[in-house]
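A short worksheet on the structure shown next.
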Amino acid sequence: MHIILAEDDPALAESTARALRTQGWVVDHTPRGEPVPASVKADPYDLVILDIGLEGIDGFETLQRVRAQGSTLPVLMLTARDAVEDRVRGLEMGADDYLVKPFALAELIARVRVLTRRHQARLGSVLTMGSLRMDLQARRVWIDDQALDLSAREWAVLEYLLSRAGHVVGKEQILQAISGWDDALSENAVEVYVSRLRPKIEPAGLRIRAVRGFGYLMEEAAPAAPGG
Ligand code: CA
């Protein structure tokens, strides 16, 4: 994995880069924002870690320039404590996540893993939503780094709902999608699998909402209030 780190505080940059390198990742460090857009255009980076206060143009301007050239590279912003407006602004400008300084290096590494996985998922046969990741080829599903145990039918229902996230799907549709295993399944069975899935995917920030008279809707649970 190849990471570009823009951070002007030498001590923080050094400890951050060192922590990332312990994972076997390659880290290029710059105290300035200006070189970042050209670098991510020229080289196949996997992630950008961007401080807001930098030498020269700030992190926001840097982010804007990266996105303006069409890059979908994951960007993790580093923000000051209590700087809620900075976090919101960063996310609205296309940052994928943020970390509040001072942060634990273990948390940094975890966030980097989540962001890069999510990015790879957009490029491959992996469905992701919230912190849930469903690898259709490996037939495995995780919440963060925790593997999830699903029966074959729970898997099928989850895959069906996840691949149509944001759309209401009927019980009959779900039934058809999973009926290969058992012709005797009824729509009640769909309800049973949905009710088994709900507590399993809840830690990923996901919920399956029942839409009366229609079916189900896979959606992200409302996020916690910032700072709360
Ligand atoms: Ca700084």
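Rundown of residues vs (1) farther than 23 Å from residue 145 by Cβ; (2) open to solvent by less than 50 Å² (accessible area, probe 1.4 Å); (3) not aromatic (Phe, Trp, Tyr), yes/no style:
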residue	(1), (2), (3)
58	yes, no, yes
78	no, yes, yes
83	yes, yes, yes
95	no, yes, yes
104	no, no, yes
114	no, yes, yes
126	no, yes, yes
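So, in the stretch 1-28, of the ones that are more than 12 Å from the ligand (Cβ to nearest atom) and crowded, with 21+ Cβ neighbours inside 10 Å, which residue ends up farthest from residue 93 (Cα to Cα)?
Going through the qualifying residues, I end up with 20.
Please go through the stretch 67-122 and pick out each residue that is modelled with pLDDT under 90, touching an Asp or Glu at 6+ places or on another chain (Cβ under 9 Å) and of a type in the set (S, T, N, Q).
116, 120
Can you tell me which residue in the stretch 40-56 is nearest to the ligand (Cβ to nearest atom), limited to those that are open to solvent by 30 Å² or more (accessible area, probe 1.4 Å) and on the phi < 0 side of the Ramachandran plot?
53
Quick one: would you say residue 31 is open to solvent by 10 Å² or more (accessible area, probe 1.4 Å) and touching a strand residue (DSSP E or B) at 6+ places or on another chain (Cβ under 9 Å)?
yes
So the check is Cβ under 9 Å with 6+ separation or different chains; which pairs have a first residue in the stretch 166-177 that's on the phi > 0 side of the Ramachandran plot and a second one that's charged (D, E, K, R)?
Taking only residues 6 or more apart or on different chains, the pairs are 166/219.
Please specify each residue of the stretch 60-75 satisfying the condition of being over 12 Å from residue 112 (Cβ atoms) and open to solvent by less than 50 Å² (accessible area, probe 1.4 Å).
60, 62, 63, 66, 71, 73
Taking the criterion of being touching a residue at least 24 places away in the same chain (Cβ under 8 Å), among the aromatic types (Phe, Trp, Tyr) and under 25 Å from residue 145 (Cβ atoms), would at least one residue in the stretch 35-47 satisfy it?
yes
Conditions: (1) farther than 16 Å from residue 3 by Cβ; (2) within 16 Å of the ligand (Cβ to nearest atom); (3) over 17 Å from the mean Cα position of the chain (by Cα). Residue 90 meets all but one. Number of the miss?
(3)
For the stretch 83-122, enumerate the residues that are out of contact with any helix residue (DSSP H, G or I) (no Cβ under 7 Å at 6 or more places or on another chain), in a loop (DSSP other than H, G, I, E, B) and over 21 Å from residue 27 (Cβ atoms).
Once the filter is applied, which keeps residues that are out of contact with any helix residue (DSSP H, G or I) (no Cβ under 7 Å at 6 or more places or on another chain), in a loop (DSSP other than H, G, I, E, B) and over 21 Å from residue 27 (Cβ atoms), the stretch 83-122 yields only 83.
Consider residue 16 carefully, then state whether it is farther than 25 Å from residue 131 by Cβ and modelled with pLDDT of 95 or more.
So residue 16 fails the test.
The values are calculated or read from the model by the stated rules, or taken from the named source; none is laboratory data. These figures come from a predicted structure and were not determined experimentally. In this analysis, Cβ positions are derived from the backbone assuming ideal geometry, glycine residues included, and neighbour counts consider all displayed protein chains. Accessible surface areas use protein heavy atoms only, side chains included; no ligands, DNA or RNA. Shrake-Rupley method; radii C 1.70, N 1.55, O 1.52, S 1.80 Å.
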